[in-house]
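Participant: Please find one structure pasted underneath; my questions will follow.
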Amino acid sequence: MKDYKVLEIKTSVFADNNIQAEKLRGELKEKKVFLLNLMSSPGSGKTTTLVRTIHALKDELSIGVMEADIDSDVDAQTIRQTGAKAIQLHTGGMCHLDAEMTRQGLEGLDPEGLDLVILENVGNLVCPAEFDTGAVKNVMILSVPEGDDKPLKYPLMFSICDVVLINKMDVLPYFNFDLEKCRENIRLRNPNAVIIPISALKEEGIEEWTDWLGDAVKSWCE
Ligand SMILES: Nc1nc2c(ncn2[C@@H]2O[C@H](COP(=O)(O)OP(=O)(O)OP(=O)(O)O)[C@@H](O)[C@H]2O)c(=O)[nH]1
Ligand SMILES: [Mg+2]
């Protein structure tokens, strides 16, 4: 039997998403729950990075994950194997979550007793960037095979993220990917973004990322 819920999310009825997002953030602050919105293209390594993140932080933080996809529950299954609380959200064909949809997910997960809830958003570099989910921080993953020019082509996504993880560094020798050029392209869109090269597969660079996340959760929950 499955030990996680699969929730069909209803399309949002609220016209002003930004107001709903601010409201949700305020409620999360009161409950001392840190919500992280993790975004990327399909297959950049969100779930693999989450598994590494949970293993690194599970002794100091109580963690829950909301896996948002158009269909399937493979990612929730993967997360449950780490021991973290998980829920699979189906977006009814939508390529993003807004604040009200995120609220439905949180109600399904029940964040009582959790310090950190991570939303793995639908794999997409365009739509998720257009909707504030109510998260405290936005983080994205760009993987080496996607190319160092993506910050130029998808400016909004890079401009709204606090951290850009550059994943799949282990395959750098096989791709025409210039790490310095990529940093420059990210800085053009967002001079304040924290940029951390990682390999989720080889577990490289994970500590710098989980140190950043652990500190961010602590300062939110103080
Ligand atoms: N070489 C390499 N492969 C990786 C790395 N991280 C993830 N992968 C592989 O990339 C593929 C996709 O990884 P996922 O973690 O499922 O990616 P995702 O972003 O969660 O995918 P969706 O949820 O479908 O959008 C899998 O085959 C992973 O094993 C990495 O650091 N290096
Ligand atoms: Mg995934």
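FYI, it's all coordinate maths here, none of it is from the lab. Values in this document were obtained by computation on a predicted structure and should not be read as measured data. Methodologically, a virtual Cβ is constructed for each residue, glycine included, from the backbone with ideal geometry; neighbour enumeration extends over all protein chains shown.
Participant: Would you calculate the volume per residue, in Å³, of the smallest convex hull containing every Cα atom of segment 11-221?
Facilitator: About 113 Å³ per residue, rounded to a whole number.
Participant: Another question, then. Please give the helix 206-221 orientation as an angle from the longest Cα principal axis of the chain, in degrees from 0 to 90, rounded to the nearest 10.
Facilitator: Once rounded, one gets 40 degrees.
Participant: Taking 0.36 nm per residue of sequence separation and subtracting the Cα-Cα distance, how much length would be gained by fully extending the chain between Gln77 and Lys23, in nm to one decimal?
Facilitator: On the way: separation 54, 0.36 × 54 = 19.44 nm, distance 3.06 nm.
The Gln77-Lys23 span can extend by a further 16.4 nm.
Participant: I've got another one for you. Strictly under 4.7 angstrom between C-beta atoms: which cysteines of the chain have no such partner?
Facilitator: Cys161, Cys182, Cys221
Participant: A further question on this structure: Measure nothing but the geometry: give the 0 to 90° angle between the long axis through the Cα atoms of 46-57 and the longest principal axis through the Cα atoms of the chain, rounded to 10°.
Facilitator: 80 degrees
Participant: Sticking with this structure for a sec: Between Phe175 and Glu60, how high is the FRET efficiency from 1/(1 + (r/R0)^6) when r is the Cβ-Cβ distance and R₀ = 30 Å? Nearest 0.05.
Facilitator: My answer for the efficiency is 0.30.
Participant: Just to be sure I understand: of the beta bridges DSSP finds with both ends in segment 11-221, what percent are antiparallel, rounded to 5?
Facilitator: The answer is about 5 percent antiparallel.
Participant: A follow-up question, please. Asp211 to Asn192: extension gain in nm, 0.36 nm per residue of separation minus the Cα-Cα distance?
Facilitator: Full extension of this stretch gives 5.1 nm more.
Participant: Quick one: among Leu57, Leu165, Leu142, which has the greatest mean-square fluctuation in a GNM of the chain with alpha-carbon springs under 10 angstrom?
Facilitator: Leu57
Participant: Next question, about the same structure. As an exercise, use a Förster radius of 22 Å and the Cβ-Cβ distance of Leu156 and Lys2 to find the FRET efficiency, rounded to the nearest 0.05.
Facilitator: The formula returns an efficiency of 0.05 here.
Participant: Scan the chain and hand back the longest stretch that contains none of the trypsin sites (Lys or Arg not before Pro) lying in DSSP loops with at most 14 other Cβ atoms within 10 Å. Before the final figure, lay out the partial values.
Facilitator: Details: sites that count: Lys2, Lys10, Lys32, Lys58, Lys202.
After excluding every exposed loop site, the longest remaining stretch is 59-201.
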